[in-house]
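The values are calculated or read from the model by the stated rules, or taken from the named source; none is laboratory data. Every value quoted in this text rests on a predicted model; they were computed, and no experiment measured them. Glycine gets a Cβ as well: all are built from the backbone with ideal geometry, and neighbour counts include every protein chain shown. Protein only, heavy atoms only, side chains kept; ligands, DNA and RNA dropped before computing areas. Shrake-Rupley method; radii C 1.70, N 1.55, O 1.52, S 1.80 Å.
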Amino acid sequence: MSAPPVYLDAATAAPLHPVARQALLAALEDGWADPARLYTQARRARQLLDAAREAAADTLGVRADELSFTPSGTTAAHSAVLGGLAGRRRAGGTLVHSAIEHSAVLHAAEWHVAAGGTATSVPVDRLGRVDPDAWSVAVAAPGVALAALIGASHEVGTVQPVAEAAAACAAAGVPLYVDAAQLVGRAPVPGGWSVLTASAHKWGGPPGVGLLVVRKGTRWESPWPADERESGRTPGVVNLPAVVAAAASLRAAAADAAAEAARLAPLVDRIRARVAAEVPDVEVVGDPVDRLPHLVTFSCLYVDGEALLHALDRRGFAVSSGSSCTSSTLRPSHVLEAMGALSHGNVRVSLHRETTGAQVERFLAELPGIVAGLRAEAGAVGL
Amino acid sequence: MTGPDEVTRPAAPTDPAEVLDCRGQRCPLPVIGLARRLPELPVGAVLRVLADDPAAALDIPAWCRMRGQEFVAAQAEGPGYDVRRTH
């Protein structure tokens, strides 16, 4: 028996927004030529690319020439970190970042360290919020070239004190890079940053489109081999139909963001409360108030995370996990580790525009039995 | 690692009453093993759990917090995790 599927992993990839689908199909017809060439078909492609850039920049409240499209959110994050460090190499070789950055940022940091640079990781509290005092001290140290702070945790939903962190960076004369992948198209993005990135498939755009925004006056230098595309910020021709779809769906998602947040936040509240009340021995992770509107994470004691994911999948529920057994490295999520949270039996549920109250109810109705069944199988009853 | 002047003293407070070898087991098995064994020891006793799954470093202290038991210390050798039964 297969249950109707309930997709609850928007923080990995949101289902394609209908506006994205429409724009993608239209742009496939019209946007296949290389926008850099000088014939009719190329001019049409150039118009589409320019319009997409204007629309995305307008939605984010930035100038069009500050925004580049990249082949993924990961590429955008790598470019933000490595380009921000390259542009400020005369100021020093240190990257300051929170302990809970996305792995794309941490991998770029490892690259920087392997090349002789240094990186300072700033700890978070038990709710997953970066320590503002430690942050201020870290960015004020000599030789800091760039600071990187995720806008809100993609794993536990805790919103970071970006404005406060930006003020500390400004006082120290250090540019701030904000990974806004979970905010753009969903929640307001605080100001004060110099570099920002986002990823289209998080807001309902197609996969394979990232945004890299470098504010005017920021010392940023491409870390990649030279290429004239996208103001020299990211090499290679863009996937124009996907870019057009990303920009169109960003505008649509941003227009609905406040209403969607008001609809989804109570559903997340319901999950937080009901999971804590109805599943014994569960730890709901992350800030209960200052959090993303669409994401909630919890860990179930004595439960194997991989087994839980498979059991939920068999009942039609698609969720993700930060448990070690679900990762290719067999290490627990660095975010849960930094918070000191229970890491096994971990589930992240993230909602989107197609998520209904009835789907959430079905999940909440089935979860306690699924967890109890797995505990019984493991012989972990009455402990 | 006891020095000569410590030989006559009572066992150091972190000396485990028992060692539970959970090496080769993946989380949550070491935590389940801990939860099974600790209540069988007297209050005040320390159980050392040997576990090489990296998640144990996170999950054994988290279990102690959730259960109100005392996480004494992590030992590099094993690696081991010392937990004292407090109630």
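Numbers at a glance
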item	result
Occluded residues from the stretch A:297-318, i.e. those whose accessible area drops by 40 Å² or more once the chain is not alone (1.4 Å probe)	A:LEU301, A:TYR302
For the stretch A:1-152, the spread of Cα positions along each principal axis, largest first, Å	56, 53, 30
Chain A: most fluctuating residue of A:THR356, A:THR297, A:THR94 per GNM, C-alpha cutoff 10 Å	A:THR356
Tensor-based shape of the stretch A:4-66 (alpha-carbon gyration tensor, a/c under 1.5 rounded, otherwise prolate or oblate)	oblate
Pair A:GLU164, B:MET66: separation of 7 Å Cα→Cβ label points (nm)	2.9
Contour minus Cα-Cα distance for A:GLU110 and A:GLU29 (0.36 nm per residue)	25.0 nm
Residues A:ALA318 and A:ARG215, FRET efficiency given R0 of 30 Å [Cβ-Cβ distance, rounded to 0.05]	0.25
Folded to 0 to 90 degrees: helix A:103-114 orientation relative to chain A principal axis, Cα	60
Rounded if a/c under 1.5, otherwise prolate or oblate - the stretch A:35-81, Cα gyration tensor axes	oblate
Ellipsoid equivalent to the stretch A:269-374 - semi-axes via the Cα gyration tensor, in Å	19, 17, 13
Accessible area of the protein assembly as shown belonging to carbon and sulfur atoms, whole % at 1.4 Å probe	56
Cα pair distances exceeding 42 angstrom across the protein assembly as shown, given as percent	24
Two-site label geometry, A:ALA261 and B:GLU40: point separation in nm, points 7 Å out along Cα→Cβ	5.3
Most fluctuating residue given options A:TYR177, A:TYR39, A:TYR302, as computed from a GNM of chain A linking Cα atoms under 10 Å	A:TYR39
Label-point separation in nm, B:ASP21 to A:VAL237, each point 7 Å along Cα→Cβ	6.3
Over chain A: helical MRE at 222 nm, DSSP H runs n ≥ 4 each giving -39500 (n - 2.57), nearest 500	-13500 deg cm²/dmol
10 Å Cβ neighbours from other chains, averaged over peptide A:342-349	5
Accessible surface buried upon A-B contact (total; probe 1.4 Å; Å², nearest 100)	1800
Nearest-0.05 FRET efficiency for A:ALA378 and A:ALA277, computed from C-beta distance (R0 35 Å)	0.95
Projected area averaged over orientations for the stretch B:16-84, convex hull of C-alpha atoms, nm²	3.8
Rounded to 10°, Cα long-axis angle of helix A:40-60 versus longest principal axis of chain A	60
FRET efficiency estimate (nearest 0.05) - Cβ-Cβ, A:ASP269 to A:ALA141, R0 45 angstrom	0.70
